[in-house]
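The values are calculated or read from the model by the stated rules, or taken from the named source; none is laboratory data. Everything quoted here is computed from the prediction, not taken from an experiment. Reconstructed Cβ throughout: ideal geometry from the backbone, glycine too, with neighbour counts over all protein chains shown. Heavy atoms of the whole protein, side chains included, go into the accessibility calculation; ligands, DNA and RNA do not. Shrake-Rupley method; radii C 1.70, N 1.55, O 1.52, S 1.80 Å.
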Amino acid sequence: MDTLLIIRERYSQLTVAEKRIADYVLDSGEEILEKSAQEVSQEIGSSSASLVRFSRKLGYDGFSQFKQKLSVAYAFHADNESYYEEVSDAETPLSIKNKLKVRINHMVETTNASLLDEAVMSVISCLDKADVIFVFGIGASSIVAQDIFQKFSRIGKQVYFIQDTHLFLSSLSIQKNQAAFIGISMKGETKEVVELARAIKSLEVPMVAITSNENSTLGQLSDYVLHSISGEDYQMRTAATMSLMAQLYVVDILFYMYVSEHFEQSYQNLQKTSQAIKQLGQEPSS
């Protein structure tokens, strides 16, 4: 995985001292590769031990391995280091495409590493037992909820996507014995989603969270957690692009796995829905 983007991804989790190291790494560019731990610590006003702790927090054995992986990241984009920089006021379509390409690749790698196969299969089993799926998200996450509604409806699952939380909870409470709930929140702390999850928890409805943080309130309330890791925790969050893509990516994995487990039935239902849609706009036969 891309070391420079790992730093950005975990930036908010760092201590004040660790953020100072992170800022130094991001600002100094490839120059840091030629410096020893002692030289870097002197320039930052820190200690070699702090550099080791910082490196281990990012998942490396120590500062030497951190620099090795950092060197790989710079070599991978030696033609243009600006791919790692945030959006500026002097962009071209090509530079935007390349910056998003780097982040999308990183998002896929980090989500693949965090999304456990066992978790996916457990959610498949949960959805198998449910006659109806209730999905909910706010803002960009509502787009993900709508995607679940669209995908699973087309293969014959009954899915409810209701934005009004009162109507949502009323409908779910009536069908609680046949239902499963999927709550979507990138950080797992979205007020409306958490409040709804708490109410649903009291109904003893199986609950799935699509979130980046299993230790969040939503993650703790849920029976199953599907990790969606955006790799986006720095400045370039204008439209929460990577968060949305990470959530949609997780939904695609869940959907295609469900289709694979129910291939014949899903294929037949997809054919039926496709044929029905083709009828729209056609002239009635005389």
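Values computed for the structure shown
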read-out	value
Selected residue (only one of 214, 195 is acidic (Asp, Glu), more than 16 Å from residue 136 (Cβ to Cβ) and in contact (Cβ under 8 Å) with a residue 12 or more places away in the chain)	214
Subset of the stretch 155-176 (residues that are open to solvent by 70 Å² or more (accessible area, probe 1.4 Å) and either acidic (Asp, Glu) or in contact with a Lys or Arg (Cβ under 9 Å, 6 or more places away or on another chain) (or both))	164
Search result, residues across the stretch 189-206 that are part of a helix (DSSP H, G or I) and not polar (S, T, N, Q)	191, 192, 193, 194, 195, 196, 197, 198, 199, 200, 201
Selected residue (criterion: least open to solvent (accessible area, probe 1.4 Å)) from residues of the stretch 31-80 that are part of a helix (DSSP H, G or I) and acidic (Asp, Glu)	39
Residue in the stretch 177-188 that is of a type outside the set (Ser, Thr, Tyr), under 29 Å from residue 106 (Cβ atoms), open to solvent by 60 Å² or more (accessible area, probe 1.4 Å) and in a helix (DSSP H, G or I) present	no
Selection within the stretch 222-239 - of a type outside the set (Phe, Trp, Tyr) and either modelled with pLDDT of 65 or more or open to solvent by 50 Å² or more (accessible area, probe 1.4 Å) (or both)	222, 223, 225, 226, 227, 228, 229, 230, 235, 237, 238, 239
Count - residues of the stretch 92-141 that are without any contact (Cβ under 8 Å) to a residue 24 or more places away in the chain and of a type in the set (S, T, N, Q)	5
Where residue 52 falls short, out of the listed (1) at pLDDT 90 or above; (2) closer than 28 Å to residue 105 by Cβ	(2)
Options 209, 197, 145; residue that is crowded, with 18+ Cβ neighbours inside 10 Å, farther than 30 Å from residue 2 by Cα and not aromatic (Phe, Trp, Tyr)	197
Filtered residues of the stretch 93-138 (kept if of a type in the set (D, E, K, R) and open to solvent by 40 Å² or more (accessible area, probe 1.4 Å))	97, 101, 109, 117, 118, 128, 129, 131
Pair list, Cβ < 7 Å and 6+ apart or interchain, from the stretch 1-30 residues that are free of Cβ contacts under 8 Å to residues at least 12 places away in the same chain to residues that are open to solvent by 30 Å² or more (accessible area, probe 1.4 Å) and of a type outside the set (Val, Ile, Thr)	19/11
Criterion: among the β-branched types (Val, Ile, Thr) and under 23 Å from residue 125 (Cα atoms) - qualifying residue of 159, 194	159
Selection count, the stretch 10-25, where residues are closer than 18 Å to residue 230 by Cβ and open to solvent by 30 Å² or more (accessible area, probe 1.4 Å)	4
Which listed residue is touching an Asp or Glu at 6+ places or on another chain (Cβ under 6 Å), aliphatic (A, V, I, L, M) and modelled with pLDDT under 95, from 207, 242	242
